[in-house]
Amino acid sequence: MEKFTTLRSGLVPLPIENVDTDQIIPARFLKATTREGFGENLFADWRYAADGQPKPDFVLNEPRYQVHRILLAGKNFGCGSSREHAAWALYDAGFRVVISSYFADIFRGNALNTGLLPLQVTPGELRELFALVEQDARAEVTVELPGQTLLVPGRREPIRFELDAYKKECLLNGYDDIDFLISQESAITAFEQQRTWVF
């Protein structure tokens, strides 16, 4: 995974609540076992017409939002089935952060394992962010992972977010679970060498 420390980006607004994993990546596209290639079918049923042409009124098809790397979503994002492909599709499409006031637990875990930060804010903060984008589609926010803060233009205080310490370390270093274990090889070896073995 890519290391994640600081990200400055505009926001892609998707003010829809209860977005489930089948809406994020429809089941008919789950034909691969590697993480690559799912991005082009992200939100496929909302993004494309029956003939495969992009729908011009869907947010991901608007040119002004196509360079942004933060998805701003409604409450209860990632509910439904446990498919990790939903996180894969978001990451493959270029997103590095999803902001919502609530995430389904399994989606949250899959996102963190993929290198995608699920940044949870309060309902009031979420409304504030949607209002910011509505006022200025080019407005940029800054996610600072080391301090766990979201800097918002025009806001006196940063928004602070919670994150499991282990997953934070993995994101900062670009580790998945296996990478983390490998990084601890010297500590594991030292422990094994001083351990009393009983046979």
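The values are calculated or read from the model by the stated rules, or taken from the named source; none is laboratory data. In this text, all values refer to a predicted model and were calculated from it rather than measured experimentally. Note: ideal-geometry Cβ built from the backbone for every residue, glycine included; neighbour counts use all protein chains shown. Only protein heavy atoms, including side chains, enter the accessible area calculation; ligands, DNA and RNA are left aside. Shrake-Rupley method; radii C 1.70, N 1.55, O 1.52, S 1.80 Å.
Pairs of alpha-carbon atoms within less than 8 angstrom and 6+ residues apart define the contacts here; what relative contact order does the chain have, in percent?
On the way: 349 pairs, mean separation 50.7, N = 199.
For the chain, the relative contact order is 25 percent.
On a straight-distance basis, which lysines could pair with Lys3 in a cross-link, Cα separation under 18 angstrom, same-chain partners fewer than 8 positions away excluded?
Lys167, Lys168
Once the principal axes of the Cα atoms of the chain are found, what is the range along each, listed largest first in whole angstroms?
67, 46, 25
Using only Cα atoms, figure out Rg for the stretch 108-156 and give it as a multiple of 2.2 N^0.38 Å. The partial results should precede the final answer.
Details: Rg = 12.3 Å, N = 49, 2.2 N^0.38 = 9.7 Å.
Expressed relative to 2.2 N^0.38 Å, the Cα Rg reads 1.27.
Longest span of the chain, sites excluded, free of trypsin sites (Lys or Arg not before Pro) in DSSP loop with at most 12 other C-beta atoms within 10 Å? Numbers along the way, then the final one.
Working: sites that count: Lys3, Lys31, Arg138, Arg156, Arg195.
In the chain, the maximal stretch lacking such sites is 32-137.
What FRET efficiency would be calculated for the residue pair Leu163, Ala139, taking the C-beta separation as r and a Förster radius of 25 Å, to the nearest 0.05?
On the way: r = 24 Å, r/R0 = 0.95.
Working from the Cβ atoms, E equals 0.60.
Before I look further, what does the chain give for accessible area per residue, probe 1.4 Å, in whole square angstrom? Write down the numbers at each step before the final one.
Numbers: 10890 Å² over 199 residues.
Computed with neighbouring chains in place, this is 55 Å² per residue.
Quick one: if you take sqrt(5λ) for each eigenvalue of the C-alpha gyration tensor of the stretch 64-105, what semi-axes come out, biggest first, whole angstrom? List each step's numbers first, then the result.
Values: eigenvalues 68, 37, 9 Å².
They are 18, 14, 7 Å, listed from largest to smallest.
If I compute solvent accessible area with a 1.4 Å probe over the protein chains, what percent of it on the stretch 6-194 is carbon and sulfur?
Values: 4870 of 9770 Å².
Percent of accessible area from carbon and sulfur atoms in the stretch 6-194: 50.
Quick check for me: using +1 on Lys/Arg Cβ and -1 on Asp/Glu Cβ, what's the dipole size of the chain about its Cα centre, in debye to the nearest 20?
Details: 21 positive and 28 negative charges, 50 e Å.
For this selection, approximately 240 debye.
Roughly what % antiparallel, to the nearest 5, for the DSSP beta bridges in the chain?
Values: 11 of 24 bridges.
Taking every DSSP beta bridge with both residues in the chain, the antiparallel ones total about 45 percent.
Let me make sure I get this right: for the stretch 27-86, a, b and c are the square roots of the gyration tensor eigenvalues over alpha carbons, sorted descending. Under 1.5 in a/c it's rounded, otherwise prolate if a/b > b/c, else oblate. Which is it?
Details: a/c = 1.63, a/b = 1.23, b/c = 1.32.
Cα axes put the stretch 27-86 in the oblate bin.
Taking Cα centroids, how far is the stretch 39-102 from the stretch 115-181 in Å?
18 Å
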